[in-house]
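What follows is calculated from the coordinates using simple rules that are stated; it is not laboratory data. What you see is a predicted model, and the numbers here were worked out from it, not measured in a lab. For neighbour counting, all protein chains shown are included, and Cβ atoms are generated from backbone atoms with ideal geometry for every residue, glycine included.
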Amino acid sequence: MMGVKVENIDEFLGKPVNDPYGRRIGYLISFYSDSDGNVTSLEVSIGDFEFKQFPIDRFRFENGSIILLSEWEYNAVSTENRLERLKKRIAALEQLKTNNEVPKHAYEEYKKKLDEMLIKIKEDAKAVKDMLRKRLYEIEDIVVELEKCMTNLKVSYMGGEIPEKSYKMAIDLVRKNMDVVLLEKESVKRHLERIEALETRPEDVIVKKGEGGITQESKQPMQVVVLEG
């Protein structure tokens, strides 16, 4: 995200902080900055009993709202961007070599650096994929719990134990939470599939010589991750 300066953070103090799926996390209560006035992290009150500091990169400010990315989502997006960028660099270097537009020593040195970077990114990607799979398991447990809750409400209502007004209010709340959880589940699966595709997909960058030098084009548009609050 773009850097946030101290003079721009005051309008957000005291405002609610949500996750990308609209769930309330807490409220922004303070900030931390470096000597240049760049905000480095934000303090969030979670409930009325927990206070936690998060790095500024985990936040998105959209239409006056504050959105905090979960650790799994932030790491997934970061890994996808790194893999995408590195794939393009590797493709560009190979095309330069094919066109005899780079000296052998320069190619070999740069290729070695890119290979080392790729190894490191794949190691990081493995950890992120493990994190995503763990979150999927957690979501499955939440879904099971909500299904049990919904079943109990229906039984109690049909058995005449609770009135219709109370039943509808409770069941609507459970369904709303179920919708949000399933939305997060689909997001986790998309990120997992995206990372695996980037790891295995051949470099899809076309590097061609045009007027004024070399330009790069992708065979398909880069995916844009949109996070809705």
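Just a few scattered comments:
- The 3J(HN,Hα) values that the Karplus relation (6.51, -1.76, 1.60; θ = phi - 60°) gives for region 53-68 are, in residue order, 9, 10, x, 4, 5, 7, 9, 10, 10, 10, 6, x, 9, 10, 10, 10 Hz. Gly and Pro appear as x.
- Cα gyration tensor of the chain - equivalent ellipsoid semi-axes, whole Å, descending: 44, 25, 15
- Scanning the chain for GluC sites (Glu not before Pro) in DSSP loops with at most 13 neighbouring Cβ atoms within 10 Å leaves 1-100 as the longest stretch between them.
- Put in line by how crowded their Cβ is, counting other Cβ atoms within 10 Å and starting with the fewest, 13, 198 read 13, 198.
- Against the rule of thumb 2.2 N^0.38 Å, how large the Cα Rg of region 104-154 comes out: 2.25
- Free of any trypsin sites (Lys or Arg not before Pro) that DSSP assigns to a loop and that have at most 14 other C-beta atoms within 10 Å, the longest stretch within the chain is 24-218.
- Under 5 Å between amide hydrogens, built in the peptide plane, is the criterion, and for residue 30 it picks out 43 among residues at least 5 positions away or on other chains.
- Overall dimensions of region 1-136 by Cα: Rg and Dmax, Å: 20.0, 64
- By other beta-carbon atoms within 10 Å, ranking 98, 79, 40 with the fewest at the front produces 98, 40, 79.
- The chain: calculated mean residue ellipticity at 222 nm from DSSP helix runs of at least 4, using -39500 (n - 2.57): -19500 deg cm²/dmol
- With viscosity 0.890 mPa s and temperature 25 °C, the Kirkwood radius over alpha carbon pairs of region 83-203 converts through Stokes-Einstein to a diffusion coefficient of 133 µm²/s.
- Proportion of all alpha-carbon pairs of region 6-69 beyond 19 Å (%): 23 percent
- Förster radius 30 Å - calculated FRET efficiency between residue 122 and residue 154 (Cβ-Cβ, nearest 0.05): 0.05
- Violating pairs (Cα-Cα greater than 28 angstrom) within the set 5/111; 5/176; 97/189; 88/126: 5/111; 5/176; 97/189
- Applied to region 71-83, the Karplus parametrisation 6.51 cos²θ - 1.76 cosθ + 1.60 on θ = phi - 60° returns per-residue 3J(HN,Hα) values of 4, 5, 6, 4, 5, 5, 4, 4, 5, 4, 5, 5, 5 Hz, with x for Gly and Pro.
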